[in-house]
Amino acid sequence: MTQPPPGFGAPQDPQGVPQPPAQPPQMPPAPPTPPAGAPGYGYPQQGQPGPYAQQPGPYNQQPGPYGQQPGPYNQQPGPYGQQPGPYGTYPTQPQYPAAPTPPSGSGPGGFFKGKPGVIVAASVAALLVVGGGTYLALSGDEKDDKPTVGKSSDAPKPTGSESVDQGDGKGDGGGEGAEDLNAGRKDGESKVLFLNTNDVDLPRNGAEVFGLWTVGDTVVKAMYREVAGYSVADGSKKWSVPVSTKVCSAPVNASADGKIVIGVEDGLTDKAKCNDLQMIDLKTGKAGWKKSIPKPTGAFASLADYTLSISGNTLAVGGTGSSYGFSLADGKQLFTGPSEGCKPFAFAGGPKLLAGASCPTSDYDKPKHQLQELDPATGKVKWSYNTPEGWEIDKVYSSSPLVISITQREPKKWSIIALTDAGKPRATIDGGKDKFAPRCGGAFVVFGQNLEGCTGVAADAQNFYMATDTGYGNANEVVAFSLATGKAAWRSKAPAEREMSPLRMEGGQLLVYMGASYDKGGTLATIAPSGGAPKTLLQNPASTSQIESSFYSPKMAYADGRFFIASGRVSAGNDEEEKQTKTMMGFGQ
């Protein structure tokens, strides 16, 4: 496979469509200045208020530190974790590298609907910047909260503090005096188990949310200086693990036995790096070992952010020029990545430990990348797949079976490749004339890359599944592509005016979510591996659809018949609004 795969082709220049403005809109003070030459900085346009702008609900614009947020139909990041352009996602092009989105400059809710973005792109040799946004944590609200920098031996102690407006087990979303969120529930609709509001004193620009992870009767998320576990039944806080500095990274998935390792910053200033690791047992809410990542070497290594992935009993830490493996059990360092040759820059975990590796090249315009499978215990390479000349590893959509996204810089191209378990080319996905927009959000990474964490894609032994992007008000389709041929095997159309997004495989079925709109609650459904119409698992109440659609860049989890949705970033204009900010919602039977 020496020639670039056909995939989704080169970018087109659509005619007759409005172009983005030449200058970004007026914004409040910007986030910290990126390293010189880093690509992808700029700001998208602010959204416009909908017809119900003055009323709470999906069209309402919420206040935030950067002004007003657009409504729930704001478009979510495209296949590379970037903002799509004004004319959507074309099947013949990847998303152009776009600006990280300020936390209050993108609206909550729907998956693919959006506003034009200002695109600012640059290049730095063998370095990529992808995804969300990073912001300076400045707050006048921290005067009474002056934590000290944690040492490697300072394992934080869990607490039993309660959130402000938790569920109380009654399914009404709060305690005494709270609105009964199930009052308008109709026959056949799911029950609102809880609605939680923020109980964390946040920095002025808000905070990124990591998770959600479900373990038994607990749903867990991390934000700012806390990792907290909540009851799946009523949303009450079961345990809390405080950390002395900001949470800055976390794996997509916990280990099979419920352990997670988060990245926390190594100081409290704007120069702090995401270099410290903290293990937490999600089943018990107990903090375990803590240690620092070895100091990196190399020209850009000191600027790199690390991404974390878990496979088996190994935590893999990937960054530009440096990579490591640690034991989840005790934090012992298992391996260090190679100092020469092809170097891993990011990992994907799960059933296999996969690495995206950058190989030496004398021509910046012709990068050389490999996808590698590593032995989690030793870091030794089991096999490697060389991308075609000039193509780079972008995302791992599925580790078993193996489906990856690769990109080419010039001309801009995007291709999806299915590989065998031994890393041999199997098929190239043929997207035809459809538009696709997998949602690959996540924390902003400087001089690094996230390989995993995409929604809108899934795979089983026979097929790779991806949803089309048809624009708001038009029913989309889930397309099943044969892993043997790359051709479309079947299509399943969403109900009228709904959009389906694959989440994962569930009991041999494809689990999909149809987002809430102003008059329709979200829907969890399954599609048979042979195709057919979606079959509803949970139909959330129409009476709470405006709340369900209001979560910014939502995090979602489905387990044991319950569905949880949480805001991907929490921010507000002042302390009073901060305590009223809705952060997580649970649904069930």
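The values are calculated or read from the model by the stated rules, or taken from the named source; none is laboratory data. Computed from a predicted model, the values in this text were never measured in an experiment. Don't worry about glycine lacking a Cβ; one is built from the backbone with ideal geometry, like all the others, and counts go over all protein chains shown. Areas reflect the complete protein model, heavy atoms only, side chains present, ligands, DNA and RNA absent. Shrake-Rupley method; radii C 1.70, N 1.55, O 1.52, S 1.80 Å.
Condition first: open to solvent by 10 Å² or more (accessible area, probe 1.4 Å), part of a loop (DSSP other than H, G, I, E, B), over 14 Å from residue 436 (Cα atoms) and in contact with a strand residue (DSSP E or B) (Cβ under 7 Å, 6 or more places away or on another chain). Now tell me which residues in the range 473-486 satisfy that.
Result: 484, 485.
Just the residues that are part of a strand (DSSP E or B) and among the charged types (D, E, K, R), please, taken from the range 355-386.
Answer for the range 355-386, where residues must be part of a strand (DSSP E or B) and among the charged types (D, E, K, R): 368, 373, 382.
What tally of residues in the range 480-511 results from selecting those that are touching a residue at least 40 places away in the same chain (Cβ under 8 Å) and either at positive phi or out of contact with any Asp or Glu (no Cβ under 8 Å at 6 or more places or on another chain) (or both)?
Number of matching residues: 16.
Taking only the range 555-571 into account, find how many residues are in contact with a Pro (Cβ under 7 Å, 6 or more places away or on another chain) and assigned to a loop (DSSP other than H, G, I, E, B). Walk me through how you get there before you give the answer.
Here is the first cut: in the range 555-571, the residues in contact with a Pro (Cβ under 7 Å, 6 or more places away or on another chain) are 565-569, 571.
Next, from what is left, pick out any that are assigned to a loop (DSSP other than H, G, I, E, B): 567-568, 571.
Residues flagged as in contact with a Pro (Cβ under 7 Å, 6 or more places away or on another chain) and assigned to a loop (DSSP other than H, G, I, E, B) within the range 555-571 amount to 3.
From 491, 504, grab the single residue that is surrounded by fewer than 20 Cβ atoms within 10 Å (Cβ to Cβ), over 19 Å from the mean Cα position of the chain (by Cα) and assigned to a strand (DSSP E or B).
491
Taking interchain pairs and intrachain pairs at least six residues apart, which have beta carbon atoms under 7 angstrom, with the first residue in the range 362-391 and surrounded by fewer than 16 Cβ atoms within 10 Å (Cβ to Cβ) and the second modelled with pLDDT of 95 or more and among the aromatic types (Phe, Trp, Tyr)?
Sorted first by the residue in the range 362-391, then by its partner, the pairs are 378/335.
Residue by residue, here is whether (1) farther than 15 Å from residue 346 by Cβ; (2) modelled with pLDDT under 95 holds:
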| site | (1), (2) |
| --- | --- |
| 364 | yes, yes |
| 371 | no, no |
| 374 | no, no |
| 382 | yes, no |
| 387 | no, no |
| 395 | no, no |
| 411 | yes, yes |
| 417 | yes, no |
| 420 | yes, no |
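Yes/no matrix, rows are residues, columns are (1) open to solvent by 30 Å² or more (accessible area, probe 1.4 Å); (2) of a type in the set (Val, Ile, Thr):
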site	(1), (2)
535	yes, no
540	no, no
544	no, yes
548	no, no
552	yes, no
565	no, yes
574	yes, no
582	yes, no
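Residue under question is residue 525, and the condition is that it be part of a loop (DSSP other than H, G, I, E, B) and hydrophobic (A, V, I, L, M, F, W, C); does it hold?
Details: part of a loop (DSSP other than H, G, I, E, B): no; hydrophobic (A, V, I, L, M, F, W, C): yes.
Taking the combined requirement at face value, the residue does not satisfy it.
Only one of 318, 331, 325 is part of a loop (DSSP other than H, G, I, E, B) and either within 26 Å of residue 403 (Cβ to Cβ) or out of contact with any His (no Cβ under 9 Å at 6 or more places or on another chain) (or both); which?
Step by step, each of 318, 331, 325 is checked, and only 331 is part of a loop (DSSP other than H, G, I, E, B) and either within 26 Å of residue 403 (Cβ to Cβ) or out of contact with any His (no Cβ under 9 Å at 6 or more places or on another chain) (or both).
Scan the range 193-205 and tell me whether some residue there is at pLDDT 95 or above, surrounded by fewer than 19 Cβ atoms within 10 Å (Cβ to Cβ) and either in a loop (DSSP other than H, G, I, E, B) or on the phi > 0 side of the Ramachandran plot (or both).
No, there is no match, as no residue in the range 193-205 is at pLDDT 95 or above, surrounded by fewer than 19 Cβ atoms within 10 Å (Cβ to Cβ) and either in a loop (DSSP other than H, G, I, E, B) or on the phi > 0 side of the Ramachandran plot (or both).
So, of the residues in the range 218-241 that are of a type in the set (A, V, I, L, M, F, W, C) and assigned to a loop (DSSP other than H, G, I, E, B), which turns out to be most open to solvent (accessible area, probe 1.4 Å)?
Here the residue is 233.
Yes or no, residue by residue, for (1) closer than 30 Å to residue 218 by Cα; (2) open to solvent by 30 Å² or more (accessible area, probe 1.4 Å); (3) modelled with pLDDT of 95 or more; (4) in contact with a helix residue (DSSP H, G or I) (Cβ under 8 Å, 6 or more places away or on another chain):
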site	(1), (2), (3), (4)
259	yes, yes, yes, no
283	yes, yes, yes, no
316	yes, no, yes, no
319	no, no, no, yes
